[in-house]
Amino acid sequence: MSDNTMRIIDLRGKRLTRAEMLEAMPRAEMGTNEASELVRPILDDVKARGAAALRDFGEKFDHIRTKNLRVPAEAMQQALDELDPEVRAAIEESVRRSRAVAASQVPKDFHTDLAEGARVSERWIPIDRVGLYVPGGKAVYPSSVIMNVVPAQTAGVRSLAIATPPSREGDDGLPSKTILATCAILGVTEVYAVGGAQAIAMFAYGARGSEPQDGEILCDPVDKITGPGNIFVATAKSMVSGMVGIDAVAGPTEIAILADKDANPSWVAADLIGQAEHDELAGSVLITDSDELAAAVQKDLDYRVPRTEHAERVATSLTGRQSGIILTDDLDQSVAAANSYAAEHLEIQTADPDAVVPRIMNAGAIFRGPYSPVPLGDYMSGSNHVLPTGGTARFNSGLGVHTFLKPVEVIEYDEQGLKALVSRINAFAVSEDLPGHGECVLSRFVDDPYDKATLQEQERKAGLR
């Protein structure tokens, strides 16, 4: 057996219950309890000491004590001036496509007239201030800057801030120059060289300055935090949720490829490797009813994994419990498995992908056909790559303009509109043992709603009955 051999999950000939199917899916173990014990003191310390704690944690975890926690404007402009022209062109094209898709996502206000003088409207109101987290770790993610910023700007968010770890490349304690250049392209001016759980604490609680360059207030609290991150970032987001809004608690990234005998095994193998490259805990899953394809993909992995740059990381991911090849009886069972797995990214490489796409109920994003690989969505398709992980696509959606908007209903009834409903509202309220609710409404039309002995007579005189 090769070091790159993926485990087999054989569903053939089995009639699984919904619970058994969900249990059969490969998943990473998150270890959130242990993370919570480490994250709580960080949150508390940043809340108490502000920028001083941020510098201490930066020194501890990023091995650099940052002078300018808020990135100076001139550093972002310099990063843009020095950006490779080809990389700049790629970033600008990604921004252009993302803006085009985001513009189409903006929902329309509407109203419903229920009767004369009875209207309910709905307004979409932007969240006032958001904190956008951009991870560092094993790679640099200017793409995540785009995926967070573009929908927030399109939604009309008034104030947005980005936090991202200091770069390991330099000694100035500032983030990656590519990330700073991307912020400059997007017009983002509030950027912090702060990573990890401490960045989430800064967004949630705000942070007082501790050195002259910080000012009295380094960072004001936000109303919502979005963006992916490692287990400590995810745990911190979970722990501050309720005090601030969050998009989701993201786990390790994942791909599922639903394929049949017509799929190209070399392309399938390359796509599994591409996702495994992110992290040792990344999930790479092939769902197929073809033994021949499964064997060919395994063979291709043996050839390709040793030749890719991050071979050790990829091999660890592919052979982990979170990855595997799911063998099914037929396409129907493959679709059922895909819906149970609810992949962050789901590629469909079948003879007739258009017949499969409508049957997929659970996926963060669907990549239709062999020429729509996941990296297209990561960088340039116009779609958003911040997506639900760990099976949460069964009930969550990816980041979008809607993430940064609040639907708020406006109730507009005039005297006649309310009068037509008073008796029914009162009956409803009394049935719930909340008579004060009914009395509140009755007060607009009768002299003494608390005199129950004469109430029906009062209602008749007021024309309520």
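The values are calculated or read from the model by the stated rules, or taken from the named source; none is laboratory data. Note that the structure is a prediction, hence the values are computed from the model and not measured. Neighbour counts are summed over all protein chains in view; Cβ atoms, including those assigned to glycine, are modelled from backbone coordinates with ideal geometry. Protein only, heavy atoms only, side chains kept; ligands, DNA and RNA dropped before computing areas. Shrake-Rupley method; radii C 1.70, N 1.55, O 1.52, S 1.80 Å.
Can you tell me how many residues in segment 357-401 are open to solvent by 50 Å² or more (accessible area, probe 1.4 Å), among the polar types (S, T, N, Q) and closer than 16 Å to Gln275 by Cα?
So the answer is 0.
Can you find a residue that is aromatic (Phe, Trp, Tyr), under 30 Å from Leu301 (Cβ atoms), open to solvent by 10 Å² or more (accessible area, probe 1.4 Å) and not in a loop (DSSP other than H, G, I, E, B) anywhere in segment 249-268?
Residues of segment 249-268 aromatic (Phe, Trp, Tyr): 267.
Next, only the ones that are under 30 Å from Leu301 (Cβ atoms) stay: 267.
Cutting the leftovers down to open to solvent by 10 Å² or more (accessible area, probe 1.4 Å) gives us 267.
Add one more test, that the residue is not in a loop (DSSP other than H, G, I, E, B), and what stays is 267.
There is at least one residue in segment 249-268 that is aromatic (Phe, Trp, Tyr), under 30 Å from Leu301 (Cβ atoms), open to solvent by 10 Å² or more (accessible area, probe 1.4 Å) and not in a loop (DSSP other than H, G, I, E, B).
Of all residues in segment 422-455, which are exposed (fewer than 12 other Cβ atoms within 10 Å of the Cβ) and among the polar types (S, T, N, Q)?
Passing the criteria: only Ser431.
Could you please give the count of residues in segment 74-115 that are small (Gly, Ala, Ser) and either modelled with pLDDT under 95 or open to solvent by 90 Å² or more (accessible area, probe 1.4 Å) (or both)?
Of the residues in segment 74-115, 1 are small (Gly, Ala, Ser) and either modelled with pLDDT under 95 or open to solvent by 90 Å² or more (accessible area, probe 1.4 Å) (or both).
Would a scan of segment 294-310 turn up a residue that is surrounded by fewer than 20 Cβ atoms within 10 Å (Cβ to Cβ), in contact with an Asp or Glu (Cβ under 6 Å, 6 or more places away or on another chain), hydrophobic (A, V, I, L, M, F, W, C) and over 17 Å from Leu11 (Cα atoms)?
No, segment 294-310 contains no residue that is surrounded by fewer than 20 Cβ atoms within 10 Å (Cβ to Cβ), in contact with an Asp or Glu (Cβ under 6 Å, 6 or more places away or on another chain), hydrophobic (A, V, I, L, M, F, W, C) and over 17 Å from Leu11 (Cα atoms).
Kindly indicate whether Gln275 is open to solvent by less than 10 Å² (accessible area, probe 1.4 Å) and closer than 21 Å to Phe367 by Cα.
So Gln275 fits the description; yes.
Touching a residue at least 40 places away in the same chain (Cβ under 8 Å) and part of a helix (DSSP H, G or I): does that describe Met6? Walk me through how you get there before you give the answer.
Numbers: touching a residue at least 40 places away in the same chain (Cβ under 8 Å): yes; part of a helix (DSSP H, G or I): no.
When the stated conditions are applied, Met6 does not pass them.
Test Arg119 against the criterion of being open to solvent by 60 Å² or more (accessible area, probe 1.4 Å) and not in a strand (DSSP E or B), and give yes or no.
Spelling it out, it is not the case that Arg119 is open to solvent by 60 Å² or more (accessible area, probe 1.4 Å) and not in a strand (DSSP E or B).
Which one is nearest to Ala163 (Cα to Cα) among residues in segment 25-59 that are modelled with pLDDT under 95, open to solvent by 20 Å² or more (accessible area, probe 1.4 Å) and outside any loop (DSSP other than H, G, I, E, B)?
The extreme case among them is Glu59.
Would you say Ala295 is closer than 30 Å to Asp332 by Cβ, without any contact (Cβ under 8 Å) to a residue 24 or more places away in the chain and not charged (D, E, K, R)?
Yes; evaluated as a whole, the condition is true for this residue.
Do any residues in segment 266-287 that are at pLDDT 95 or above have Cβ atoms under 6 Å from those of residues that are β-branched (Val, Ile, Thr) and part of a loop (DSSP other than H, G, I, E, B), where the two are at least six apart or on different chains, and which pairs are they?
If the second residue must be β-branched (Val, Ile, Thr) and part of a loop (DSSP other than H, G, I, E, B), the pairs left are Ile273/Thr308.
Residues in segment 78-96 that are touching a residue at least 60 places away in the same chain (Cβ under 8 Å) and within 29 Å of the chain's Cα centre (by Cα): how many?
Selection size over segment 78-96: 11.
Looking at segment 141-152, I want the residues that are open to solvent by 10 Å² or more (accessible area, probe 1.4 Å) and have a partner that is assigned to a loop (DSSP other than H, G, I, E, B) with Cβ atoms under 6 Å, at least 6 apart or on another chain. Which pairs are those?
Tyr141/Val134; Tyr141/Pro135
Find the residue count for segment 207-229, including only residues that are small (Gly, Ala, Ser) and open to solvent by 10 Å² or more (accessible area, probe 1.4 Å).
Total meeting the criteria: 4.
Quick check on this structure: which one of Gly131, Gly187, Gly136 is of a type outside the set (S, T, N, Q) and on the phi > 0 side of the Ramachandran plot?
Numbers: Gly131 fails: on the phi > 0 side of the Ramachandran plot; Gly136 fails: on the phi > 0 side of the Ramachandran plot.
Only one candidate passes the filter, namely Gly187.
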